[in-house]
Protein chains: 2
Amino acid sequence: MQAAILRLLLAAATPVTRSELGLRLGVGRNTVGLEVRRLLDAGILEAAGFTESHGGRRSLLVRVSPAAGYVGAVDLGATSIDVAITTLASEVVAQAAEDVDVAIGPRAILDKATTMLCELLAGRGADLADLRAVGIGVPGPVAQADGRVVAPPLMPGWNDFPVRDALAELVACPVFVDNDVNLMAIGEHARGVARDVADFVFVKVGTGIGTGLFVNSALVRGADGCAGDLGHVCVEPAGPTCSCGNVGCLEAVAAGPAIARAGEEAARAGRARLLAATLERKGALDARDVGDAAGHGDLGALTVVREAAGRIGAALATMVSLLNPSVIVIGGGVSRIGHVFLAEIRTAVYARSLPLATRNLPIVPSALAADAGVVGASVLATGLLIDVADVREERWVPIGR
Amino acid sequence: MQAAILRLLLAAATPVTRSELGLRLGVGRNTVGLEVRRLLDAGILEAAGFTESHGGRRSLLVRVSPAAGYVGAVDLGATSIDVAITTLASEVVAQAAEDVDVAIGPRAILDKATTMLCELLAGRGADLADLRAVGIGVPGPVAQADGRVVAPPLMPGWNDFPVRDALAELVACPVFVDNDVNLMAIGEHARGVARDVADFVFVKVGTGIGTGLFVNSALVRGADGCAGDLGHVCVEPAGPTCSCGNVGCLEAVAAGPAIARAGEEAARAGRARLLAATLERKGALDARDVGDAAGHGDLGALTVVREAAGRIGAALATMVSLLNPSVIVIGGGVSRIGHVFLAEIRTAVYARSLPLATRNLPIVPSALAADAGVVGASVLATGLLIDVADVREERWVPIGR
């Protein structure tokens with residue numbers, strides 16, 4: 001019952017009265033009142049004022065207390081760590097990011113993440129004892145049963161590493177692991193542009209390309225935890241070799257590194273004047289440079305961005321035919337390199353899908369943008385913590401008590 | 001409670017005791033006993049002997065009575081009608097099939113189906129009044145809200161036709177409509193090779209190509225009811241025009257008509273000796289002719305079958321990357337044209353998918369074969385009937401009372 005109350009309050013955008021809770025849980029006012037009282041006494045809930053009076057008694061509004069503890073959120077990319085401290089309601093209260101190559105290995109990366117979490121906590125006068133749980137996203141497939149990474153193409157040295165248990169030892173609280181893109185989808189479903197949407201696709205375009213899928217209001221993990229792997233769909237049988245070992249994967253021809261490479265080629269071949277100047281200045285290009293040049297009208301750069309986006313859009317059209325989602329959300333660093341990118345994805349999806357599946361299909365940028373991963377990590381961790389933990393146990397003692 | 005009891009009994013392979021029912025429903029023995037008694041009195045359940053004695057009292061086993069009424073099942077193909085009468089437990093007790101072109105129009109087809117149902121009922125000494133519900137599958141997208149067909153490429157003249165309401169008027173009982181491939185997937189999940197499998201893909205290869213998807217143990221219909229549309233995924237941007245109006249759809253290059261066409265070409269070009277003889281004899285070829293010739297070692301026919309199966313396998317590899325199913329089930333008439341077809345699909349899927357997603361992925365023929373559609377139609381109809389109908393109402397009066 002306490003778990004159900006917490007779940008409802010965390011999902012609600014605003015504070016809720018006890019009678020509303022009772023109605024939505026289908027239990028009597030007294031039962032709810034008793035449990036809410038216990039959660040208030042424990043400092044896990046807090047009073048949040050009263051409803052406006054309509055002649056009768058004004059009702060107490062309650063919400064999850066910001067002092068009930070923090071949740072740590074870690075979003076691991078191929079070349080970056082994003083870390084945040086959130087409330088149990090997944091509101092980010094502090095965050096930090098660093099550029100780190102995931103290939104330095106799991107121990108070094110998890111130490112780094114723990115240090116970053118401790119620094120953020122210290123900045124709020126708190127420490128690891130105030131963390132109720134940590135959620136972490138990694139750029140590869142995760143076995144849900146034991147929180148291990150399984151054969152991740154973008155994470156050399158991580159195969160079969162027990163992320164969940166190793167990090168739990170460092171932070172001394174429950175840890176929940178999932179694929180980074182799954183967490184972004186969870187974030188958008190709980191707090192972003194896909195809030196409460198039953199069927200949608202979240203696409204991340206960055207160093208890799210992946211998707212998080214919601215079907216019938218639930219995340220699709222698949223039999224082995226590797227559903228949504230759009231990046232390794234073959235789109236060019238005679239194309240370049242991919243990091244996964246196969247040939248012609250979408251990721252190999254349309255993700256950030258492929259855009260950067262095509263941009264450099266265009267610059268060197270004299271097809272992209274602005275890009276050539278940037279290359280001259282920086283010595284190398286990334287996807288953002290190509291997007292910037294495209295935004296300033298460099299035709300060679302525009303062609304590169306359009307081709308990559310067109311490839312992604314064509315692959316998404318297949319996804320639309322298979323899953324018939326009601327929204328497609330595009331996120332990840334490369335998705336923010338300029339409006340041409342999104343426009344071209346839209347064109348390709350609409351051109352290639354059946355009219356019935358696209359007549360009401362918005363294709364929109366992520367609302368949470370760079371925060372989608374950490375918000376999703378927090379939502380996952382809080383949700384699963386409520387499932388497994390008795391909220392009356394010691395770990396739930398509020399901050400400062 | 002009665003609905004929950006019926007659902008459990010219909011899902012169980014064997015008769016069940018009242019105490020088992022109570023345990024699995026989480027309610028007391030007396031409550032279950034009372035409701036079971038009512039269902040027995042109404043003739044909807046029947047006694048099915050006793051458990052073996054282990055010293056104590058022997059327990060009564062109950063099951064849904066075969067006399068509780070029939071369910072009609074209709075599986076409409078582009079060129080065929082399959083009709084069956086089943087028990088509420090979806091056991092087929094009588095069936096019939098006819099070749100009819102769906103393009104003769106909805107009224108004529110539904111009249112035909114109703115006549116076939118009546119004949120089957122008459123053969124059992126029953127009539128329409130003994131039908132509790134009818135399930136019907138159609139080869140196109142269905143709007144679940146109102147049971148209409150929506151923009152079906154293979155069903156000229158059916159766009160927006162209210163199949164559910166029109167057929168309900170003819171058979172005078174509740175009618176439930178879905179896409180034919182969805183019903184085959186439901187059939188395999190309830191009674192076939194994918195029994196109780198949470199994540200699987202059912203692929204039908206016939207005049208068209210479609211898939212029925214189960215994710216997290218539920219059928220995926222998508223936002224507009226057109227999920228699973230593998231047939232209209234673009235696999236050859238410069239390929240032939242498809243019945244849907246787009247270019248290079250999988251269906252246009254690998255379904256039955258495409259196989260027949262490629263077989264005729266091979267025969268005329270002198271690349272397929274056996275096929276040429278068949279063509280000479282029959283004047284035209286169908287996919288089965290090509291499969292037969294391939295089975296007898298005709299190299300030209302083998303090439304045609306292999307190319308079509310390879311195309312389907314490549315498209316399925318994409319599906320495997322996206323959904324990570326634990327089983328792929330292949331059905332539909334063309335899937336039965338010879339073992340080379342299935343073998344080549346397997347080869348293509350395994351060659352193109354990530355190892356993690358295919359290390360435990362069986363690709364198997366449909367267990368229900370030609371019956372998958374009618375079994376699925378019956379399972380759908382019974383399941384939904386239990387959801388909507390009060391089993392004590394008049395329509396549930398058992399046969400012959």
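Values computed for the structure shown
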quantity	calculated
Enumerated helices (runs of 4 or more DSSP H) restricted to segment B:265-329, each holding at least 3 residues that are within 14 Å of chain A (Cβ to nearest Cβ)	B:299-323
Filter result for B:VAL233 (modelled with pLDDT of 95 or more and either among the hydroxyl-bearing types (Ser, Thr, Tyr) or crowded, with 19+ Cβ neighbours inside 10 Å (or both))	no
Scope segment A:156-171; condition farther than 18 Å from A:ARG132 by Cα and buried (at least 18 other Cβ atoms within 10 Å of the Cβ); matching residues	A:TRP158, A:PHE161
Residue tally, condition touching a residue at least 40 places away in the same chain (Cβ under 8 Å) and out of contact with any Asp or Glu (no Cβ under 8 Å at 6 or more places or on another chain), over segment B:160-174	8
Every residue from segment A:80-105 that is touching a residue at least 24 places away in the same chain (Cβ under 8 Å), in contact with a helix residue (DSSP H, G or I) (Cβ under 7 Å, 6 or more places away or on another chain) and under 29 Å from A:ILE209 (Cβ atoms)	A:ILE81, A:ASP82, A:VAL83, A:ALA84, A:THR86, A:SER90, A:VAL92, A:GLN95, A:ALA96, A:VAL102
Of the criteria (1) farther than 25 Å from B:LEU354 by Cβ; (2) modelled with pLDDT under 95, which one A:GLU169 fails	(2)
Conditions (1) assigned to a loop (DSSP other than H, G, I, E, B); (2) closer than 28 Å to A:GLY135 by Cα; number of the one not met by A:LEU361	(2)
Qualifying residue in segment B:252-271 (condition: in contact with a Phe, Trp or Tyr (Cβ under 8 Å, 6 or more places away or on another chain) and either among the small types (Gly, Ala, Ser) or farther than 24 Å from A:ALA223 by Cβ (or both))	no
Qualifying residues in segment B:227-247 (those that are within 13 Å of A:MET319 (Cβ to Cβ) and part of a loop (DSSP other than H, G, I, E, B)) - the one farthest from the other protein chains (Cβ to nearest Cβ)	B:GLY228
Test: residue in segment A:210-217 that is surrounded by fewer than 21 Cβ atoms within 10 Å (Cβ to Cβ), in contact with a helix residue (DSSP H, G or I) (Cβ under 6 Å, 6 or more places away or on another chain) and away from every other protein chain (no Cβ under 11 Å)	no
Within segment B:196-217, considering residues that are assigned to a loop (DSSP other than H, G, I, E, B) and under 21 Å from A:VAL220 (Cβ atoms), the one modelled with the lowest pLDDT	B:ASP196
Selection count, segment A:248-264, where residues are within 14 Å of chain B (Cβ to nearest Cβ) and without any contact (Cβ under 8 Å) to a residue 40 or more places away in the chain	3
Residue in segment B:77-84 that is not assigned by TED's automatic domain parsing to the domain that holds B:VAL175 and not in a strand (DSSP E or B) present	no
Pick from segment A:207-228, criterion free of Cβ contacts under 8 Å to residues at least 24 places away in the same chain and in contact with a strand residue (DSSP E or B) (Cβ under 7 Å, 6 or more places away or on another chain), ranking: farthest from A:LEU250 (Cα to Cα)	A:ASN216
Within segment A:338-355, tally of residues that are touching a residue at least 24 places away in the same chain (Cβ under 8 Å) and either within 14 Å of chain B (Cβ to nearest Cβ) or assigned to a loop (DSSP other than H, G, I, E, B) (or both)	7
Residues that are out of contact with any helix residue (DSSP H, G or I) (no Cβ under 9 Å at 6 or more places or on another chain) and farther than 18 Å from A:ALA309 by Cα, drawn from segment A:246-285	A:VAL247, A:ARG281, A:GLY283
Any hit, segment B:114-129, residues being under 22 Å from the mean Cα position of the chain (by Cα) and over 30 Å from B:ARG63 (Cβ atoms)	yes
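Residues are listed down the side, and each one gets a yes or a no for (1) farther than 22 Å from B:PRO355 by Cβ; (2) touching a residue at least 40 places away in the same chain (Cβ under 8 Å):
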| position | (1), (2) |
| --- | --- |
| B:GLY270 | yes, no |
| B:ASP298 | yes, no |
| B:GLY310 | no, no |
| B:LEU316 | no, yes |
| B:VAL320 | no, yes |
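The values are calculated or read from the model by the stated rules, or taken from the named source; none is laboratory data. Bear in mind the structure is a predicted one, so any value in this text is a computation, not a measurement. Don't worry about glycine lacking a Cβ; one is built from the backbone with ideal geometry, like all the others, and counts go over all protein chains shown.
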